[in-house]
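Structure first, then comments.
Here, each number is a calculation from the coordinates, and none is a lab measurement. Note that the structure is a prediction, hence the values are computed from the model and not measured. Quick reminder, even Gly has a Cβ in these numbers, built from the backbone with ideal geometry, and neighbours come from all protein chains shown.
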Amino acid sequence: MFDDEEEGTATVGAPSWMVTFADLMSLLLCFFVLLLSFSTMDAERFKAIAESLQASLGVETVTLIANPPPLTITEPLPTDSRAEEPAPVEPPTTDSSPNTTEPPSEPSDANPVTDLTAAQLQLAAREQAETEQLAQDLANSLHDEIVANRIELLAEGRTITLRIRENGSFPSGDAALQAPVRPVLARIRERLAATTGHIEVAGHTDNQPIETDRYRSNWELSSARAVSVAHELMQGGSIPPARLIVSGHADTMPLASNDREEGRARNRRVEIVVRR
């Protein structure tokens, strides 16, 4: 009797939990297929984006060379320099037989990275040429002061440094500009107003200690002299204050040894540094 009851209540087919398990496996399969579709790159679409970027930049394609030689600029480059245009190619001759045509050549793929590199090189060359021209203009304008050894002019890369010595510029131990140096600073202001970039005015002294009613140390004296030169450069509003950086270094950055008077005289200076 018990055998008949067990046979009548037996379950037919797979257990019910298999339905839930099958649904779970199907969902996991769809999830991984979706991830695979996201990771696949459309080459044609990427090529279209690269060509669009090249057209918007408006620069030409160059070829990068592994381990290129150092760049040496021997003369200023024009701002609108272009690569030499290739000579026109004559169309190929065809015979009289029909259906004899030559398929057009495929355009080369553009590389936005090389285009940006070419633009950066052209910009650096143009700024280098402008810096050299500015240094030459300053040298011509300050010829007498340079010959008299009251001003030193140095040009290195895209940085120009004008060193104004204390002699003839400031009274000993004071930061008030003397009358002869004001026209010199006016000529410097005229040249720098037509340029771009930051202008740093830095004051320097020798190592002889100073303590007066107005200046407690060489730090205050060097800073006050730099401020006096900066105010003179801002006269008339041709050079905005946002371009200027004023600093005082006391005797921390000497050009010569302070053991002799000649070295101390060279260390007492105000530098105008133009960074392009």
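Here the Karplus curve 6.51 cos²θ - 1.76 cosθ + 1.60, taken at θ = phi - 60°, turns the phi angles of the stretch 140-152 into couplings of 5, 6, 10, 4, 5, 5, 5, 5, 6, 6, 8, 9, 10 Hz, with x standing for Gly and Pro.
Projecting the Cα atoms of Val147, Gly197, Val227 onto the charge dipole of the stretch 142-275, computed from C-beta unit charges around the Cα centre, puts Gly197 farthest toward the positive end.
Please name whichever of Ser257, Gly236, Ile164 sits farthest to the positive end of the charge dipole of the stretch 142-275, dipole taken about the Cα centre and charges placed at Cβ: Lys and Arg +1, Asp and Glu -1. After comparing all options, I get Gly236. A simple spin-label model places pseudo-atoms 7 Å from Cα toward Cβ; at Ala176 and Arg126 they are separated by 4.7 nm. Placing +1 on each Lys and Arg Cβ and -1 on each Asp and Glu Cβ, with no other charges, gives the stretch 133-204 a dipole about its Cα centre of roughly 120 debye.
For the stretch 142-275, what does the relative contact order come out to in percent, with C-alpha contacts under 8 Å and a separation of six or more? Relative contact order, the stretch 142-275: 33 percent.
In percent, how large is the relative contact order of the stretch 217-276, given Cα pairs closer than 8 Å and 6 or more residues apart? Intermediate results must be reported in sequence, preceding the final value.
Values: 44 pairs, mean separation 21.2, N = 60.
This gives 35 percent for the stretch 217-276.
Over the stretch 142-275, the Kirkwood radius and the radius of gyration, each from Cα atoms, give a ratio Rg/Rh of 0.95. Each Lys and Arg adds +1 at its Cβ and each Asp and Glu adds -1 at its Cβ; summed about the Cα centre, the stretch 142-275 shows a dipole of about 420 debye. Placing dummy labels 7 Å off each Cα toward the beta-carbon, the span from Ser247 to Ala22 is 7.7 nm.
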